Amino acid sequence: MGRMAAPVDLELKKAFSELQVKMIDTQQKVKLANLQIEQLTHVQKHANLTHAEIDTLGDDTRMYEGVGRMFILQSKEDIARQLQTKQKTAEEKIKELEQKKAYLERSVKEAEDNIREMLLSRRAQ
């Protein structure tokens, strides 16, 4: 009976070490996703505030967009459109990142469940 336990222990050890690697990797990916979401939320807020601010200005107000080291004269309409695009893009990316996070967390939970099942079936034997 002592001989049967060795392969089982190795199998469990392997599963645990794989889970540990997967969890560390997933935690890093989730942290990265959280950072990206934070940055995108900042971009979104900035665009929103800027949009709200230019809405108070008259349509004939001269507005300039910073491009590198220079400024280009733009219409209020163009700048408003760019800000809306920026907000929409950030919103879409945030949704994608949230889905990616959910998937990562789900995959780690599945791996944990598999190991839990493996342990339970070993005890039943």
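Just a few scattered comments:
- The largest accessible area among K88, K100 belongs to the first residue in K88, K100, and the rest follow in falling order (1.4 Å probe, all chains).
- Helical content alone sets the calculated 222 nm signal of the chain at -31000 deg cm²/dmol, taking -39,500 (n - 2.57) per DSSP H segment of four or more residues and averaging over every residue.
- A simple count of charges around N48, restricted to other residues whose Cβ falls under 12 Å of its Cβ and scoring Lys, Arg +1 and Asp, Glu -1, yields 0.
- Accessible area of the range 1-116 divided out per residue, in Å², using a probe of 1.4 angstrom: 79 Å²
- Eligible lysines near K76 by straight Cα distance, threshold 25 Å, same-chain separation 8 or greater: K45, K86, K88
- Normalised by the number of residues in the range 1-110, the mean separation of alpha-carbon contacts (under 8 Å, six or more apart) gives a relative contact order of 35 percent.
- Peptides 109-122, 28-41 ranked from most to least packed give 28-41, 109-122, packing being the mean of other C-beta atoms within 10 angstrom over each peptide's residues.
- Carbon and sulfur %, accessible surface of the chain computed with the full protein complex present, 1.4 Å: 55 percent
- Added length on full extension, which subtracts the Cα-Cα distance from 0.36 nm per residue, M118 to H42: 22.9 nm
- Heavy-atom accessible area with a 1.4 Å probe sorts R62, R123, R69, R81, largest first, into R69, R123, R62, R81.
- Between the listed residues I72, L19, T89, the Cα displaced farthest toward the positive end of the dipole of the chain, a dipole computed from Cβ unit charges relative to the Cα centre, is found at L19.
The values are calculated or read from the model by the stated rules, or taken from the named source; none is laboratory data. Because the structure is predicted, anything quoted here is derived from the model rather than measured. All Cβ positions, even for glycine, are placed from backbone atoms using ideal geometry, and neighbour counts span all protein chains on display. Heads up: the accessible areas ignore ligands, DNA and RNA and are worked out on the full protein's heavy atoms, side chains in. Shrake-Rupley method; radii C 1.70, N 1.55, O 1.52, S 1.80 Å.
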